[in-house]
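Throughout, read-outs are computed from the coordinates displayed, never taken from laboratory work. Everything quoted here is computed from the prediction, not taken from an experiment. Quick reminder, even Gly has a Cβ in these numbers, built from the backbone with ideal geometry, and neighbours come from all protein chains shown.
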Protein chains: 6
Amino acid sequence: MVASIVLPIKKVYALLDSKIIVEIKDERRKLQGRLVAVDEYLNVHLEETTEFINDSRGRTLGTVVIRGNNILTIAPTL
Amino acid sequence: MVASIVLPIKKVYALLDSKIIVEIKDERRKLQGRLVAVDEYLNVHLEETTEFINDSRGRTLGTVVIRGNNILTIAPTL
Amino acid sequence: MVASIVLPIKKVYALLDSKIIVEIKDERRKLQGRLVAVDEYLNVHLEETTEFINDSRGRTLGTVVIRGNNILTIAPTL
Amino acid sequence: MVASIVLPIKKVYALLDSKIIVEIKDERRKLQGRLVAVDEYLNVHLEETTEFINDSRGRTLGTVVIRGNNILTIAPTL
Amino acid sequence: MVASIVLPIKKVYALLDSKIIVEIKDERRKLQGRLVAVDEYLNVHLEETTEFINDSRGRTLGTVVIRGNNILTIAPTL
Amino acid sequence: MVASIVLPIKKVYALLDSKIIVEIKDERRKLQGRLVAVDEYLNVHLEETTEFINDSRGRTLGTVVIRGNNILTIAPTL
């Protein structure tokens, strides 16, 4: 039964090479960028990353690797 | 003996495709949505997600993948 | 030598089907309920759950699955 | 070379059945009790547990299982 | 399919021996140094490390090993 | 390629039996002591431990086992 269950990571794999929004835990901050790589821990590698603080655009960060445990949510850019 | 113990994840599997409430750790925030996928780390993939802050309805978020370690509780929508 | 050491999880297994108090990390909150299931990560499934905030009774929550890493302590109801 | 390295858990095993002080992460709280069981995650089972807040004696808690990741330090009672 | 996915850790391996910026979770602090070693948990060993608090230069720290779970992001020095 | 990469834990093994500074996550606290044991999770066993709060010397703690996930950095005593 478990084998037939779709895994959450599949949704993230489907977002590879597209723009995503990564919400950081316990900070009013989000990082938006193009998803280049992701692993089973939800560590992600973003390119063309831009920071958003309280939903207003912040710095341009370029290349960033984010540690998965500090990510609250991953979502496609609307 | 351990083999006969029912696992907590089973309760979550039983909620697949129904509406659940995910309470976020250390934030006064809950995400309610339809549970599309869950794995052994309690990472969840929700669709038709709505945010609740201090129990009042917030933004509509649509598709969201939530990192399991930042989830405090998962419960069926009452 | 290690094989003969009693494991902490054994104490929790012994509480299955009885009322327990789960203390949440970093919040002045406890959840009391009947322990239906627990796994090696200390994820727990409670039924008939009631919330306590600063030791005063809060909402009735019913069915709840709690992520183990956000649990500070588990104890039998006195 | 690694095989000959003494592991930190060994120090904790050596404290089994004696009084220990468990310091909780991010709270000004310590739990003192007799160490009945410990596992590789540093989950601990204490009996005759007493709480200390800011180093002053608090409630008597009796039996407690503490989740290892929320423990900052374990030390023998001086 | 998963086998062909590029992993985020690869990006970090590519930064070995060059200057990186490590952003610490929940603190307004970054550590900049030369990346000498990194493992699958994103634990890193830096040399010639300098601290930045709120983006202004702080102490010189020299050799530092940083625990991966407390790292928010790793990025190349611009 | 990965096999030839030096691991961060190697740096810590090299500090066995010497004085180290362990910086605690999210607290203005450091523990300095002689490193007696360390494992792959960066759990450490210190002896002759002294506490530093905001860089001023605090209590003498003696024997302490520190949970690795709550450690921010490990460094040799300068």
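In chain E, which residue puts its Cβ closest to the axis that turns chain E onto chain A, and how many whole Å away is it?
E:ASN69, 5
Which of the trypsin sites (Lys or Arg not before Pro) across chain D are loop residues per DSSP, with 13 or fewer other Cβ within 10 Å?
Working: sites: D:LYS10, D:LYS11, D:LYS19, D:LYS25, D:ARG28, D:ARG29, D:LYS30, D:ARG34, D:ARG57, D:ARG59, D:ARG67; in loops: D:LYS25, D:ARG28, D:ARG67.
Here the trypsin sites (Lys or Arg not before Pro) that fit, given the DSSP loop and packing criteria, are D:ARG28.
Please compute, for the alpha-carbon atoms of chain F, the extent along each of the three principal axes and give them in descending order in Å.
Principal-axis extents of the Cα atoms in chain F, largest first: 45, 25, 23 Å.
Mind putting a number on the dipole of the protein assembly as shown about its Cα centre? Charges go on the C-beta only, +1 for Lys and Arg and -1 for Asp and Glu, and I need it in Debye to the nearest 20. Spell out each step's value before the answer.
Working: 66 positive and 60 negative charges, 148 e Å.
With Lys and Arg at +1 and Asp and Glu at -1, about 720 debye.
When DSSP beta bridges are limited to those with both residues in chain F, what percentage is antiparallel, rounded to the nearest 5? Before the final figure, lay out the partial values.
On the way: 25 of 25 bridges.
Bridges in chain F that DSSP calls antiparallel: roughly 100 percent.
Place a point 7 Å from the Cα of B:ARG57 along the Cα-to-Cβ direction; which residues of the stretch B:14-28 have their backbone N under 13 Å from it?
Taking a point 7 Å out along Cα→Cβ of B:ARG57, no residue of the stretch B:14-28 has its backbone N under 13 Å.
What do you get for Rg/Rh of the protein assembly as shown when both radii come from the Cα atoms and Rh is the Kirkwood radius? Mind dumping the intermediate values first?
Working: Rg = 22.2 Å, Rh = 23.3 Å.
Radius of gyration over Kirkwood radius for the protein assembly as shown works out to 0.95.
Anything over 23 Å Cα to Cα? Flag those among A:LYS11/C:LYS25; C:LYS30/D:LYS30; A:LYS11/B:LYS30, in the order listed. Please report the intermediate quantities before stating the final value.
On the way: A:LYS11/C:LYS25 30 Å; C:LYS30/D:LYS30 18 Å; A:LYS11/B:LYS30 21 Å.
Checking Cα-Cα distances, A:LYS11/C:LYS25 exceed 23 Å.
Looking only at B:VAL36, B:VAL65, B:VAL22, which one moves most when chain B is put into a Gaussian network model with springs between Cα atoms under 10 Å?
The residue that fluctuates most here is B:VAL65.
Given label points at 7 Å from Cα along Cα→Cβ, what nm distances, shortest first, separate F:ILE53 from the same residue in every other copy?
For F:ILE53, the other copies' label points sit at 1.7, 1.7, 3.0, 3.0, 3.4 nm, shortest first.
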